[in-house]
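Here's the structure we're looking at; comments come further down.
All of the numbers you see were taken from the coordinates with simple rules; none came from a lab. Note that the coordinates shown come from a computational prediction; the quantities given were computed from them, not determined experimentally. Virtual Cβ from ideal backbone geometry, glycine too; neighbours counted across all protein chains shown.
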Amino acid sequence: MEVVGTQAVVGPNTRFYVGLDLAALESRCSGYAVIVCSDVCVLKVFKCLYSDYEILNEVLQLGRVGDVVVSVDAPFSIGSGMRDVDRKMLSMGFKVFPPGFSHMRRLTMRAEKLVRELISNGLNRVYETHPRSALLSSRCSSVEEVLSRLGITSNTDLSSLRKDVRDAIIAATVSYCIDNNCCLVVEGVDGSITLLNTICSNR
């Protein structure tokens with residue numbers, strides 16, 4: 001589902017905060033969301049994408065007209081199968097699946113390829129995230145509460161969206177928080193995973 005095209009809201013200081021909940025297979029939905037910030041920040045796009053071509057085309061189009069930050073829900077490297085950063089996530093209570101797990105290998109290989117393509121096309125601000133952990137670290141109860149606390153508006157009921165797309169919206173808020181001092185970075189010797197800091201501190 002796409003609420004509105006981004007072309008109508010592009011200004012000289014427009015920033016695009018992209019979230020991608022990547023699927024292992026191109027035949028399955030990869031959730032995709034874009035928060036557009038100019039004078040205000042609005043969740044403008046949230047939908048399914050499928051092929052690598054679709055994903056790259058959407059993101060690279062944004063890069064031609066404004067600054068882009070991308071957060072992807074997928075491991076960026078397999079490493080030894082259980083990365084140091086995965087161990088740190090698990091020790092903090094975040095339930096991640098290490099990239100060495102059999103069902104994660106295909107996802108990780110796809111993510112590695114997409115990240116290389118984005119970087120080779122000049123989009124250097126691409127980050128690994130984990131939306132379920134980001135929601136937990138935020139202490140918010142829902143994606144709607146995350147958006148509200150961050151002052152990001154949406155004119156659509158998000159409750160009926162499929163999980164892939166809702167996770168992509170959380171990933172997009174991680175991209176936003178990278179620029180707005182509201183992210184938490186879990187670092188290991190072999191990578192980092194960016195989450196949200198405690199933005200719902202009353203819970």
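Of the residues that sit in the range 182-199 and are out of contact with any Asp or Glu (no Cβ under 6 Å at 6 or more places or on another chain), in a loop (DSSP other than H, G, I, E, B) and touching a residue at least 60 places away in the same chain (Cβ under 8 Å), which one is nearest to residue 129 (Cα to Cα)?
197
Those residues that are small (Gly, Ala, Ser) and either under 19 Å from residue 16 (Cβ atoms) or surrounded by fewer than 17 Cβ atoms within 10 Å (Cβ to Cβ) (or both), I need them from the range 137-158; list them, please.
Passing the criteria: 141, 142, 148, 151, 154.
If you scan the range 102-137, which residues turn out to be part of a loop (DSSP other than H, G, I, E, B) and in contact (Cβ under 8 Å) with a residue 12 or more places away in the chain?
Correct list: 121, 122, 123, 125, 130.
Which of the residues that make up the range 81-92 are in contact (Cβ under 8 Å) with a residue 40 or more places away in the chain and either buried (at least 16 other Cβ atoms within 10 Å of the Cβ) or of a type outside the set (A, V, I, L, M) (or both)?
83, 84, 85, 86, 87, 88, 89
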